[in-house]
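Undergrad: Take a look at the following structure, please.
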Amino acid sequence: MSQQLAVGIDIGGTNTKFGIVDRRGNILCQDRMSTKAHEEVTMFLAELHQRLTKLIEQVGGIENIKGIGVGAPNGNYYTGNIEYAPNLRWKGIIPLAQMLEELFSLPTVLTNDANAAALGEMTYGTARGMKDFITITLGTGVGSGIVANGQLIYGHDGFAGELGHVIVIPGGRLHHGTGAHGSLEAYASATGVTNTALELLAARPDQESLLRNHTAEEIDSKMIYEAAIKGDKLAIEIYEYTGKVLGEALANFVMFSSPEAIVLFGGLTQAGDLIMRPVREHMEKNLLPIFQNKVKLLFSELKESDAAILGASAMAWEMKD
């Protein structure tokens, strides 16, 4: 069984999840801990070391582990550093891969969380066997990973593939995190859907909607979905608009890298056809004929709660022995 297992670590702004994975993508054991409870990265790593060591012992010891893969905000594959992550308490440049290697004496590779998700899809998920595809995560933000010719695209500095920050409506809605106007994330994220709802409610005071039973602070993407499946016209229009913006953006991405598929993942995909129908319609409508009806739009097959650990662990299999 030597080196048939890998460690996957997903560092989020709130929680960190980690587990031990076999080559078929089975998570043998996993745990989680608070990220934001630790002001210093050294204290965070001390707790992680203690918890992860217990899991490694459960699977027969360190000699069975090939390596550690980590997905983290602003994780740089080339340097192994987390660089100026806005949603982590540890500021500046953190040499995380090096610190983990020293703690565990295991080779460690780091990338950002969205790239890790793309690797998970390619290794264990919907994109198995594909050499050209894009993953788009529609959650609180919009993450993405681009695979071309079987390789994840990192760019010259490790930060390629930030499709969520592409400007889709010049001079459009302000993204409070970046200061940009009109980025895809400002419209096609869960936050963006909520903001679209608030704008439409304000612009049409006479239009009836179930959403009017709630305050602005209470409205969220889950509530909008529940209204839409009850046939609420305003809620359905919110998905139509979101799907239009996302579909137009996907058309641009298709013409850029001609992927076999775009794999959608994250909370917004639970709206199913409410969002997928307008996405597909507006993507196809905006493609040149040579690209039309060629690109599959797929939902991820990976369980959302496991995907980040699986994606991070997938990097370990690529390590040279």
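Undergrad: When only the heavy atoms of the protein chains count and the probe is 1.4 Å, how do M43, M319 rank by accessible area, highest first?
TA: M43, M319
Undergrad: Looking at segment 255-321, which chymotrypsin sites (Phe, Trp or Tyr not before Pro) are in a loop (DSSP not H, G, I, E or B) and have at most 10 other Cβ atoms within 10 Å?
TA: For chymotrypsin sites (Phe, Trp or Tyr not before Pro) across segment 255-321 that sit outside H, G, I, E and B with at most 10 neighbouring Cβ atoms in 10 Å, the list is empty.
Undergrad: Right, something else. Using θ = phi - 60° and the Karplus curve 6.51 cos²θ - 1.76 cosθ + 1.60, what whole-Hz ³J(HN,Hα) does each residue of segment 61-71 get, with Gly and Pro shown as x?
TA: Here the 3J(HN,Hα) series is x, 5, 5, 8, 9, 6, x, 10, x, 10, x Hz.
Undergrad: Looking at the chain, what % of its DSSP beta bridges pair antiparallel, to the nearest 5?
TA: Restricted to the chain, the bridges split so that about 60 percent are antiparallel.
Undergrad: How would Y239, Y225 rank on accessible area, largest to smallest, probe 1.4 Å?
TA: Highest to lowest solvent-accessible surface, that is Y225, Y239.
Undergrad: In Å, what Rg and Dmax follow from the Cα atoms of the chain?
TA: 20.4, 67
Undergrad: If you average over every viewing direction, what projected area does the convex hull of the Cα atoms of segment 160-241 give, in nm²?
TA: Hull-based average projected area comes out at 5.9 nm².
Undergrad: Taking Rh as the Kirkwood radius, which is the inverse of the mean 1/r over Cα pairs, what is the Rg/Rh value for segment 133-184?
TA: Ratio of gyration radius to Kirkwood radius for segment 133-184: 1.03.
Undergrad: Another question about this same structure. Note the angle between two axes, namely the Cα long axis of helix 190-203 and the longest principal axis of the Cα atoms of the chain, as a number of degrees from 0 to 90, rounded to the nearest 10.
TA: Taking Cα atoms only, the helix is inclined about 20 degrees.
Undergrad: Here's another thing I want to ask about it. Measuring from centroid to centroid over Cα atoms, what is the spacing of segment 114-145 and segment 260-295 in Å?
TA: If you average the Cα positions of each part, the centres end up 15 Å apart.
Undergrad: Further question: Measure nothing fancy, just the Cα-based angle from helix 304-317's long axis to the longest principal axis of the chain, in degrees from 0 to 90, nearest 10.
TA: Approximately 50 degrees, to the nearest 10.
Undergrad: With viscosity set to 1.002 mPa s at 20 °C, what whole-number translational diffusion coefficient in µm²/s follows for segment 103-243 from Stokes-Einstein and a Kirkwood radius over Cα pairs?
TA: D = 125 µm²/s.
Undergrad: For the chain, what is the calculated [θ] at 222 nm in deg cm²/dmol (nearest 500), taking -39500 (n - 2.57) for each run of four or more DSSP H residues and dividing by its residue count?
TA: That calculation yields -11500 deg cm²/dmol at 222 nm.
Undergrad: Mind listing the long-range amide H neighbours of T126? Cut-off is under 5 Å, sequence gap 5 or more, other chains count too, H placed in the peptide plane at 1.01 Å from N.
TA: E301, L302
Undergrad: Let me ask something else about it. Can you give me the long-range amide H partners of K296? Hydrogens built in the peptide plane at 1.01 Å from N, cutoff under 5 Å, separation of 5 or more residues or another chain.
TA: A261, I262
Undergrad: Just want to confirm a number: the relative contact order over the chain, from Cα pairs under 8 angstrom separated by 6+ residues, in percent.
TA: Once normalised by length, the contact order is 20 percent.
Undergrad: Taking H as built 1.01 Å from N, whose amide H comes closer than 5 Å to the amide H of L174, not counting residues under 5 places away?
TA: When sequence neighbours closer than 5 places are left aside, the close amide H contacts are G182.
Undergrad: Say we join alpha carbon atoms closer than 10 Å with springs in a Gaussian network model of the chain; which of L298, L274, L288 then has the biggest fluctuation?
TA: Maximum among the listed residues: L288.
Undergrad: Per residue of segment 212-224, in order, report the coupling 6.51 cos²θ - 1.76 cosθ + 1.60 (Karplus, θ = phi - 60°) as ³J(HN,Hα) in whole Hz, putting x for Gly and Pro.
TA: Using θ = phi - 60°, the values come out as 6, 7, 10, 6, 4, 5, 7, 5, 9, 5, 5, 5, 5 Hz.
Undergrad: How far is helix 113-124 tilted off the main Cα axis of the chain, in degrees rounded to 10, range 0 to 90?
TA: Approximately 80 degrees, to the nearest ten.
Undergrad: How many lysine pairs in segment 5-101, separated by 8 or more positions in sequence or lying on different chains, have Cα atoms less than 18 Å apart?
TA: Lysine pairs, 8 or more places apart or on different chains, close enough: 4.
Undergrad: Additional query: Determine the principal axes of the Cα atoms in segment 11-145, then give the extent along each, sorted from largest to smallest and rounded to whole angstroms.
TA: 39, 37, 25
Undergrad: Please list, in order along segment 248-256, the HN-Hα scalar couplings obtained from phi with the Karplus expression 6.51 cos²θ - 1.76 cosθ + 1.60 (θ = phi - 60°), rounded to whole Hz, x for Gly and Pro.
TA: Couplings: 5, 5, 4, 4, 4, 5, 4, 6, 7 Hz.
The values are calculated or read from the model by the stated rules, or taken from the named source; none is laboratory data. What you see is a predicted model, and the numbers here were worked out from it, not measured in a lab. Every residue, glycine as well, gets a Cβ built from its backbone with ideal geometry; the counts of neighbours run over all protein chains shown. We work out accessible area using only protein heavy atoms, side chains counted, and drop any ligands, DNA or RNA first. Shrake-Rupley method; radii C 1.70, N 1.55, O 1.52, S 1.80 Å.
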